[in-house]
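Read through the structure below, which is laid out as structure tokens, and then see the notes.
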Amino acid sequence: MKILHIDSSILGDYSVSRQLSADTVARLKAVHPDATVTYRDLAANPVPYLTGAHMAAFQGAPVTDAALADDLAIGNGYIDDLLAADIIVIGAPMYNFSVSAQLKSWIDRVVVAGKTFQYGAAGPEGLLPKGKKAFLISTRGGVYTGGSPAAALDHQEKYLGSILAFIGLTDVTWIRAEGLALGEDAKDAAIVQAQGEIVDLPL
């Protein structure tokens, strides 16, 4: 069993998504004690943004710059992490109604034509091996579910779920903590509820 654990919050020890993603990995390790964990902290070690040089290399242009070659190798490592993992745990806080820039940069490095998806006669096809599971830790200051009038502003969960499905990762379990900015009582209740969901995960 191989677990890929990704954190993308910039809040360090104050991050609820980091707390809940760690709780999720601990739960997985309790069930699968021999599992190995690859950890990527996208805030402490940011993924460089894509440039035109990256895109040219993806299209087959020769790579003559040593720094670019090293950067491409790092990007390939992110794909290798994803391909090797049986379970992916992603801490994904909502920033300005979407995912963090740090997580978006990682996504841009792993959603690559010919490696994690391809276009065929029937349209796009995800290339991730079947059988992978994902646990997505969603944290939000407001409330966007349960008929909330703010639901239309949720471009975080919709985007992340869609982009992972695009590359073939469809077995997804959401663990959500909402209303974290609505006072300490609301925050504490949301965290406790999410922790209860983690304890009860069907692993």
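The values are calculated or read from the model by the stated rules, or taken from the named source; none is laboratory data. Every value quoted in this text rests on a predicted model; they were computed, and no experiment measured them. Note that we place each Cβ from the backbone using ideal geometry, even for glycine, and neighbour counts take in every protein chain shown. Calculation scope for accessible area: heavy atoms of the full protein, side chains included, ligands and nucleic acids excluded. Shrake-Rupley method; radii C 1.70, N 1.55, O 1.52, S 1.80 Å.
Within the stretch 165-189, residues that are within 24 Å of Ala85 (Cβ to Cβ) sit with their Cβ atoms under 7 Å from residues that are acidic (Asp, Glu) and surrounded by 15 or more Cβ atoms within 10 Å (Cβ to Cβ), at 6+ positions apart or across chains, in these pairs: Trp174/Glu157; Ile175/Glu197.
Consider Ala194 against the criteria (1) surrounded by fewer than 17 Cβ atoms within 10 Å (Cβ to Cβ); (2) touching a Leu at 6+ places or on another chain (Cβ under 7 Å); (3) among the hydrophobic types (A, V, I, L, M, F, W, C): it satisfies all of them except one. Which criterion is unmet? Answer for Ala194: the failing condition is (1). Output the residues belonging to the stretch 170-191 that are among the polar types (S, T, N, Q) and open to solvent by 70 Å² or more (accessible area, probe 1.4 Å). Listed by number, the list holds a single entry, Thr170. Here is the figure for the stretch 42-53: residues that are among the polar types (S, T, N, Q) and either over 21 Å from Ile90 (Cα atoms) or surrounded by 14 or more Cβ atoms within 10 Å (Cβ to Cβ) (or both) total 1. Restricting attention to the stretch 147-169, does a residue exist that is modelled with pLDDT of 95 or more, within 27 Å of Asn45 (Cα to Cα), among the charged types (D, E, K, R) and touching a strand residue (DSSP E or B) at 6+ places or on another chain (Cβ under 8 Å)? Yes; the residues of the stretch 147-169 include at least one that is modelled with pLDDT of 95 or more, within 27 Å of Asn45 (Cα to Cα), among the charged types (D, E, K, R) and touching a strand residue (DSSP E or B) at 6+ places or on another chain (Cβ under 8 Å).
Taking (1) over 14 Å from the mean Cα position of the chain (by Cα); (2) in contact (Cβ under 8 Å) with a residue 40 or more places away in the chain; (3) in a helix (DSSP H, G or I) in turn, Leu50 satisfies each apart from (3).
The single condition from (1) closer than 20 Å to Val25 by Cα; (2) outside any helix (DSSP H, G or I); (3) of a type in the set (Val, Ile, Thr) that Ile191 fails is (2). The set of residues in the stretch 6-17 that are more than 12 Å from the chain's Cα centre (by Cα) and in contact (Cβ under 8 Å) with a residue 12 or more places away in the chain comprises Ile10, Leu11, Gly12, Ser15, Val16. Checking each residue in the stretch 19-34 for being surrounded by 15 or more Cβ atoms within 10 Å (Cβ to Cβ) and either of a type in the set (Asp, Glu) or farther than 21 Å from Val110 by Cα (or both) picks out Gln19, Leu20, Ala22, Asp23, Thr24, Val25, Arg27, Leu28, Lys29, His32.
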